[in-house]
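Colleague: One structure is given below, represented as structure tokens, and several questions about it will come after.
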Amino acid sequence: MKEVLLAGQKVPAIGIGTWHMGDVPAREEQGIQAIRNGLDAGARLVDTAEMYGSGRSETLVGKALQPYKREDIFLVSKVLPHNASKAKLERHLDQSLRRLQTDYLDLYLYHWRGRVPLKEVVSELERVRQAGKIKAWGVSNFDTSDMEELWQLPAGKNAAANEDLYNIEERGIEYDLLPWQKEHELPLIAYSPVGGRQNELGTTMLRNKVVQKMAEQHGVSPYVLLLAWIIRDGRTIAIPQTSDPDHAAANVQAGELELTGAELSSLDQEYPQPTTKEPLSIN
Ligand SMILES: NC(=O)c1ccc[n+]([C@@H]2O[C@H](COP(=O)([O-])OP(=O)(O)OC[C@H]3O[C@@H](n4cnc5c(N)ncnc54)[C@H](OP(=O)(O)O)[C@@H]3O)[C@@H](O)[C@H]2O)c1
């Protein structure tokens with residue numbers, strides 16, 4: 001299984017997304033089983049947020065993790081921008097910890113930039129880290145200029161990751177953000193790796209003939225092939241979300257699939273790298 005160095009830990013490059021999980025009570029057991037299947041197949045990182053279902057996703061994750069040793073899981077949650085102030089952040093972190101039935105997070109992300117000054121957010125994240133409530137903090141939906149601003153702050157360089165939208169149809173961040181992150185040894189957590197909710201309508205990447213043929217040759221689904229493509233550089237973790245226990249186990253296979261140089265070139269022909277700066281894609 002391909003691994004990525006994240007906040008001082010080697011973490012399998014396929015993690016587990018959880019947005020929308022917990023929204024439908026009748027599907028709770030299935031969602032829990034999907035998370036467990038992913039973990040049993042070799043994933044370790046679980047990504048959630050206080051925003052997802054106003055805490056329902058964190059509650060479901062807390063239940064799903066009960067049979068596991070806490071130290072075997074790399075748990076990520078996120079604070080909403082308007083809760084990231086000195087007055088509110090710690091209270092919101094405590095609520096997340098309660099829902100998740102744990103006393104620490106491995107990584108706490110600032111979900112996206114809001115009105116609270118970045119300096120204040122960073123100083124609060126540092127404070128709760130030093131208090132032992134989180135092992136590390138990071139950011140999400142940051143572009144290159146945001147990262148540069150962050151790096152100017154006294155503790156800004158303590159950020160352990162940036163989580164952004166990235167998939168083969170949305171390669172914009174390869175232009176300057178990914179080179180910046182490589183230079184600064186900051187791993188990427190790639191969200192919506194298989195196109196997010198759009199794919200319920202069938203995104204073009206899943207119907208692309210080259211993708212489909214390559215997947216068939218490897219004996220995997222197009223989803224798994226596209227996940228292997230995302231984690232190809234050894235510095236990126238993909239966090240596909242699924243409520244289907246079989247899909248969850250299948251997705252982890254992507255961590256074992258190495259694409260050849262020729263395969264990567266033919267995918268580049270279908271989905272060319274960006275040649276100019278593009279606005280950051282968000283979901
Ligand atoms: N930081 C942020 O701002 C941000 C924003 C968006 C998302 N995220 C995180 O990233 C995670 C993933 O992103 P996402 O949920 O937007 O989209 P995604 O993982 O790209 O797509 C989710 C969809 O893919 C389907 N799927 C996944 N694996 C599959 C497989 N092997 N075969 C068939 N279908 C498959 C799922 O359907 P089935 O249930 O039928 O398998 C689901 O409808 C989120 O859950 C969340 O944790 C973060």
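The values are calculated or read from the model by the stated rules, or taken from the named source; none is laboratory data. Just so it is clear, the model here is predicted, and its values are computed rather than measured. Neighbour counts are summed over all protein chains in view; Cβ atoms, including those assigned to glycine, are modelled from backbone coordinates with ideal geometry. When the accessible area is computed, the model is the full protein with side chains, heavy atoms only, and any ligands, DNA or RNA have been set aside. Shrake-Rupley method; radii C 1.70, N 1.55, O 1.52, S 1.80 Å.
Colleague: Which numbered condition in (1) farther than 24 Å from L75 by Cβ; (2) within 17 Å of the chain's Cα centre (by Cα) is the only one that T144 fails?
Modeller: In the conditions (1) farther than 24 Å from L75 by Cβ; (2) within 17 Å of the chain's Cα centre (by Cα), T144 misses (2) alone.
Colleague: Which members of the range 72-91 meet the condition of being more than 19 Å from the chain's Cα centre (by Cα) and in a helix (DSSP H, G or I)?
Modeller: Residues satisfying the conditions are H82, N83, L89, E90, R91.
Colleague: What number of residues in the range 234-254 are within 19 Å of A161 (Cα to Cα) and either free of Cβ contacts under 8 Å to residues at least 40 places away in the same chain or hydrophobic (A, V, I, L, M, F, W, C) (or both)?
Modeller: The number of residues fulfilling the criteria is 3.
Colleague: Within the bounds of the range 45-58, is there any residue that is open to solvent by 10 Å² or more (accessible area, probe 1.4 Å), more than 30 Å from H184 (Cα to Cα) and of a type in the set (K, R)?
Modeller: yes
Colleague: With the checklist (1) within 17 Å of the chain's Cα centre (by Cα); (2) in contact (Cβ under 8 Å) with a residue 60 or more places away in the chain in hand, flag the one item V61 doesn't pass.
Modeller: (2)
Colleague: Looking at the range 255-265, is at least one residue in contact (Cβ under 8 Å) with a residue 40 or more places away in the chain and more than 24 Å from L45 (Cβ to Cβ)?
Modeller: yes
Colleague: If we keep just the residues of the range 118-130 that are open to solvent by 70 Å² or more (accessible area, probe 1.4 Å) and in contact (Cβ under 8 Å) with a residue 12 or more places away in the chain, which is nearest to the chain's Cα centre (by Cα)?
Modeller: R129
Colleague: Let me ask another. Within the range 237-283, which residues are of a type in the set (D, E) and open to solvent by less than 90 Å² (accessible area, probe 1.4 Å)?
Modeller: Answer for the range 237-283, where residues must be of a type in the set (D, E) and open to solvent by less than 90 Å² (accessible area, probe 1.4 Å): D244, E263, D268, E270, E278.
Colleague: Another one. Among the residues of the range 258-265, is there at least one that is assigned to a helix (DSSP H, G or I), under 19 Å from V4 (Cβ atoms) and within 16 Å of the ligand (Cβ to nearest atom)?
Modeller: no
Colleague: Taking S85 as the residue in question, decide whether it is of a type in the set (S, T, Y), under 23 Å from G8 (Cα atoms) and surrounded by 16 or more Cβ atoms within 10 Å (Cβ to Cβ).
Modeller: Answer is no for this residue.
Colleague: Could you figure out which of (1) more than 10 Å from the ligand (Cβ to nearest atom); (2) modelled with pLDDT of 95 or more; (3) open to solvent by 20 Å² or more (accessible area, probe 1.4 Å) isn't true of W229?
Modeller: (3)
Colleague: Here is a list: L226, L188, L206. Which entry is touching a Pro at 6+ places or on another chain (Cβ under 6 Å) and closer than 22 Å to E256 by Cα?
Modeller: Criteria check complete, one pass: L206.
Colleague: Can you report the number of residues in the range 215-226 which are open to solvent by 10 Å² or more (accessible area, probe 1.4 Å) and assigned to a helix (DSSP H, G or I)?
Modeller: 5
Colleague: With respect to L206, is the statement that it is modelled with pLDDT of 95 or more and assigned to a helix (DSSP H, G or I) true?
Modeller: In short, no.
Colleague: Next up: Could you check how many residues of the range 1-35 are outside any loop (DSSP other than H, G, I, E, B), more than 24 Å from A161 (Cβ to Cβ) and open to solvent by 10 Å² or more (accessible area, probe 1.4 Å)?
Modeller: 7
Colleague: Hey, another quick one. Can you tell me which residues in the range 18-39 are near the ligand (Cβ under 10 Å from one of its atoms) and among the aliphatic types (A, V, I, L, M)?
Modeller: M21, A34
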